[in-house]
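Chemist: Let me begin by handing over the structure; questions about it come next.
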Amino acid sequence: MPFKQAPSLMFFSPLADAFPRALNRLYRTCNALKQDGEPLIDLISGNVNSAGIVFPEPVLRDAILEALPAAKIYRPDSFGQPTARQAISDYYRQAGLALPPEQIVLSPGTSLSYLYCFKLLAESGDEIVCPRPSYPLFDTIAQLCNIRLASYLLREHRNWEIDLDYLESQLTNRTRAIVLISPHNPTGAVASECQLQGVAEIATRHGVALIADEVFSEFVFGLDRLPRPAQTQAPLVFTLNGFSKMLALPGLKLGWIGVSGEPALVRKALRTLEMMSDTFLPVNEVVQFAVPALLGGAPSFLIRYRRKVAECRELAVSALSHARNLSLVPPAGGFYAPVRWTGSDLDEEQLLVDLLQECRILAHPGYFYEMPGTHFVMTFVDELDRLARALDALVAFAGARESTAALSQEP
Ligand SMILES: Cc1ncc(COP(=O)(O)O)c(C=O)c1O
């Protein structure tokens with residue numbers, strides 16, 4: 001007998017109707033061009049491998065081969081293999097941060113680390129405060145965790161600095177954590193020690209944790225070292241990082257959470273993270289055993305990698321800073337920059353659709369990141385000659401439009 005048509009609600013949670021979302025005009029145009037076989041310059045993916053940055057193959061091969069015997073007999077550790085955690089702890093020690101291996105939990109990447117932290121800190125209806133502009137990953141993770149996102153503002157006219165007063169005004173008795181991303185995606189802002197001190201004081205006053213996303217920590221321009229939330233007096237800090245950006249190895253799916261702060265809070269956080277991690281034992285054991293050799297082989301690669309990213313940034317800043325109808329806060333770190341449209345008022349998404357159709361360049365409109373004003377967001381990390389061509393095309397595209405130079409109001 002045939003089944004009767006049943007309403008989908010009988011089968012699924014509301015999540016099933018929340019994904020996938022409808023494609024916007026920009027991506028409909030992009031897909032149509034791709035279907036026609038048009039070559040596009042993707043200034044958004046942030047996949048550094050396609051920008052020609054690839055971890056040295058001999059180091060990777062040796063690290064994996066040497067890790068195989070250790071991984072042959074399965075002896076999992078719910079925090080992650082101690083040798084991997086020791087190597088990560090050593091990495092931080094060299095950068096001036098004491099993060100013992102017992103306070104590090106491995107994860108399959110920073111996105112999953114966020115999920116662990118959100119689940120650990122917040123229950124249904126609680127709030128986590130994220131920066132705005134910000135990138136859309138948080139909406140999805142918050143939806144999966146059934147928690148609410150609030151936001152604090154990064155102010156463009158102050159070089160995308162955190163507005164501390166506004167941040168504090170957004171905290172309620174349901175707030176459980178503040179997310180800090182430094183270097184920040186997509187503004188390129190790096191929070192100063194003084195700013196982090198201010199955030200730590202707010203966290204202390206309100207009894208909330210800090211989640212510090214440092215995936216771009218190796219790419220800071222013009223500073224000797226990155227100021228870190230874990231070096232403040234905040235009561236509880238989760239430091240997130242991994243090999244995805246740091247070593248240009250996103251496919252290895254190796255991330256971690258470093259927990260620091262008041263000992264009793266750290267102990268409690270670690271107990272729960274251990275249980276969560278033990279439920280899935282999620283990181284490939286070969287990759288875990290390869291961590292010491294990968295980090296050991298990284299320094300000379302990182303010198304070249306940082307130099308290339310800095311060269312790309314220089315090229316983008318010099319091309320875009322004086323371009324007609326455009327302005328740019330030079331990024332202090334990371335791979336991305338929002339370029340402000342200072343020309344006559346126009347529809348932001350249409351601007352990006354025009355850029356795609358006329359120049360075959362894919363960038364994102366600022367509204368994807370809840371950015372006030374009219375912007376396009378782009379990565380500046382690419383092959384230098386392709387980046388130079390894209391920048392020339394962008395500058396010509398912007399220069400050909402009408403100009404009125406109006407700075408719209410920020411909230
Ligand atoms: C700021 C930031 N955090 C986290 C991630 C995700 O990192 P992972 O690849 O380790 O999940 C990204 C990816 O682009 C990112 O830009």
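Chemist: When a/c reaches 1.5 or more, the comparison of a/b and b/c decides; with that in mind, is the chain rounded, prolate or oblate per its Cα gyration tensor? The partial results should precede the final answer.
Modeler: On the way: a/c = 1.38, a/b = 1.30, b/c = 1.06.
It is rounded, given that a/c, with a ≥ b ≥ c, falls under 1.5.
Chemist: Let me ask another. As a check on your grasp of the helix formula, calculate [θ] at 222 nm for the chain: sum -39500 (n - 2.57) over DSSP H runs of n ≥ 4, divide by the residue count, round to the nearest 500.
Modeler: Details: 14 runs with 170 residues, N = 411.
Helices in the chain give a 222 nm mean residue ellipticity of -13000 deg cm²/dmol.
Chemist: Got a sec? Charge dipole of segment 134-293, +1 on Cβ for Lys and Arg, -1 for Asp and Glu; which of L254, Q197, V215 is way out at the positive end?
Modeler: L254
Chemist: Here is a further query. Pull up the DSSP beta bridges for the chain and report the antiparallel fraction as a percent, rounded to 5.
Modeler: Values: 24 of 44 bridges.
Of all bridge pairs located within the chain, approximately 55 percent are antiparallel.
Chemist: Now for a separate question. Can you tell me what percent of all Cα-Cα pairs in segment 264-337 are more than 15 Å apart?
Modeler: Values: 1988 of 2701 pairs.
Cα-Cα pairs in segment 264-337 separated by more than 15 Å: 74 percent.
Chemist: Can I ask one more? Place a +1 charge on the Cβ of each Lys and Arg in the chain and a -1 charge on the Cβ of each Asp and Glu, then give the dipole magnitude about the Cα centre in debye, rounded to the nearest 20. Let's see the in-between values first.
Modeler: On the way: 36 positive and 44 negative charges, 149 e Å.
Rounded to the nearest 20 debye, it is 720 debye.
Chemist: Which residue, M10, G366, G343, has the largest displacement toward the positive end of the dipole of the chain when charges sit on each Cβ (Lys, Arg +1; Asp, Glu -1)?
Modeler: Projecting each Cα onto the dipole axis, the largest value belongs to M10.
Chemist: About its Cα centre, how strong a charge dipole does segment 39-151 have in debye, to the nearest 20, once Lys and Arg get +1 and Asp and Glu get -1 at the Cβ? Intermediate results must be reported in sequence, preceding the final value.
Modeler: Working: 8 positive and 11 negative charges, 22 e Å.
It comes to approximately 100 debye.
Chemist: Given Cα pairs under 8 Å that are at least 6 residues apart, what percent is the relative contact order of the chain? Before the final figure, lay out the partial values.
Modeler: Values: 728 pairs, mean separation 88.5, N = 411.
Here the relative contact order equals 22 percent.
Chemist: If you take every DSSP beta bridge whose two residues both sit in segment 57-296, what share of them, in percent to the nearest 5, is antiparallel?
Modeler: Working: 13 of 31 bridges.
Percentage antiparallel, nearest 5: 40.
Chemist: Could you give the length gained by full extension between L68 and E38, i.e. 0.36 nm per residue of separation minus their alpha carbon distance, to one decimal place?
Modeler: Numbers: separation 30, 0.36 × 30 = 10.80 nm, distance 4.27 nm.
Length difference between fully extended and current span is 6.5 nm.
Chemist: Continuing with this model, one more query. For segment 151-193, what does the relative contact order come out to in percent, with C-alpha contacts under 8 Å and a separation of six or more? Mind showing how you got there, number by number?
Modeler: Details: 31 pairs, mean separation 13.7, N = 43.
Relative contact order, segment 151-193: 32 percent.
Chemist: Another one. Helices from the chain with mean Kyte-Doolittle at least 0.0 and a Cα length along the axis of 30 Å or more, per DSSP H: which?
Modeler: Working: long enough: 298-320 (32 Å, 0.15).
Within the chain the helices that satisfy the rule are 298-320.
Chemist: Taking +1 at the Cβ of each Lys and Arg and -1 at the Cβ of each Asp and Glu, which of T272, F243, N159 sits farthest along the dipole of segment 57-296 towards its positive end, judged by Cα position relative to the Cα centre?
Modeler: T272
Chemist: A further question on this structure: Can you give the charge dipole size of segment 57-296 about its Cα centre, rounded to the nearest 20 debye, using +1 on the beta carbon of Lys and Arg and -1 on the beta carbon of Asp and Glu? Spell out each step's value before the answer.
Modeler: Details: 20 positive and 25 negative charges, 69 e Å.
With Lys and Arg at +1 and Asp and Glu at -1, about 320 debye.
Chemist: What's the ranking of 326-337, 280-291, 43-54 by average number of surrounding C-beta atoms within 10 Å, highest first?
Modeler: Details: 326-337: 22.3, 280-291: 20.2, 43-54: 17.5.
The most tightly packed comes first, giving 326-337, 280-291, 43-54.
Any read-out appearing in this document is the output of simple, stated calculations on the displayed coordinates, not a laboratory observation. Here the structure is a predicted model, which means the values were calculated and not measured. Methodologically, a virtual Cβ is constructed for each residue, glycine included, from the backbone with ideal geometry; neighbour enumeration extends over all protein chains shown.
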